[in-house]
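Read through the structure below, which is laid out as structure tokens, and then see the notes.
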Amino acid sequence: MFITFEGPDGSGKTTQLNGLMPVLEKQGLDVIRTREPGGTEIGDQIRSVIMDMKNKSMTPRAEILLFCASRAQLVEELIRPSLAAGKIILCDRYADSTMAYQGYGHGLDREALGQLLHFATGGLKPDLTLLFDIPSEAGLRRRLSNHEEWNRMDDYALQFHERVRNGYLEMAAAEPDRYVIINADRSKEEIHKEVVLTVMRKLNRS
Ligand code: TYD
């Protein structure tokens, strides 16, 4: 079972991933977690290039290829072998992030992006994608109040985040069997309950 956590910056998806992990482990399930960009030694090196404030002149196309390079490595090195071994993989962001941020956010050719993503992942899609949906302004505010480090990716304007959010919602509407939209504008505890319920339901069905 391959489960991805998607959503705009500040949607709290990482907190929820952290909260879900021990619940699944307690059930005796073999769970591994990973994140994008990164998740492998090579991927983490690519991540630091992407996030580096020195790299402000990075072009959107160069950025996409770096995200895809990190992802290709992650799929082959970690995700496919783990799935083959029967594990549950929780992944903080995956291909839909590229479609949402670079496609909908930056307005790059979504059809070409789709082909590129297919190439990078070898066509591997998640079994379940949890979309943590939150109004863009609330998400950005939440992110700042967490005192997280402000990275280059955060420098984009609010309008950009709104396009990202709408992109996610459009993708979720197009693939209702894979996506579950979680209202992330609630307390951590409420969201946690819904996440656990959603994942347990999916696991029991398969
Ligand atoms: P990160 O610090 O991991 O933020 P978050 O906790 O929100 O996941 O930074 C990842 C940033 O990179 C985030 O702003 C989303 C962006 N991103 C893309 O633009 N495209 C992608 O394909 C991925 C994986 C991430």
Given contacts defined as C-alpha pairs under 8 Å and at least six residues apart, what's the relative contact order of the chain, whole-number percent? 33
Most fluctuating residue given options T14, T40, T59, as computed from a GNM of the chain linking Cα atoms under 10 Å: T59
For the chain, what number of Lys pairs, 8 or more residues apart or on separate chains, have alpha-carbon atoms under 27 Å from each other? 20
Dimensionless Rg/Rh of the chain - Kirkwood Rh, Rg from C-alpha atoms: 0.94
Cα radius of gyration and Dmax for segment 46-116 (Å): 13.7, 42
Around I88, which amide H atoms from residues at least 5 apart in sequence, or from another chain, sit under 5 Å from its own amide H, with H modelled in the peptide plane? D30, V31, I32
Candidates F132, F67, F119; GNM for the chain (alpha-carbon contacts under 10 Å) flags as most fluctuating F119
Rounded to a whole number, what % of the accessible area of the chain do carbon and sulfur atoms account for, probe 1.4 Å? 52
Per the helix-only calculation at 222 nm, which mean residue ellipticity applies to the chain, given -39500 (n - 2.57) for every DSSP H run of n ≥ 4 and division by its residues, nearest 500 deg cm²/dmol? -16000 deg cm²/dmol
With springs only between Cα atoms under 10 Å apart, run a GNM on the chain and tell me which of R186, R71, R178 wobbles the most. R186
Write down the accessible area per residue of the chain in Å², having rolled a 1.4 Å probe over the full set of protein chains. 50
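The values are calculated or read from the model by the stated rules, or taken from the named source; none is laboratory data. These numbers were taken from a predicted model, which means no experiment stands behind them. The protein model used for the area step is the full one, side chains on, heavy atoms only, and it has no ligands, DNA or RNA in it. Shrake-Rupley method; radii C 1.70, N 1.55, O 1.52, S 1.80 Å.
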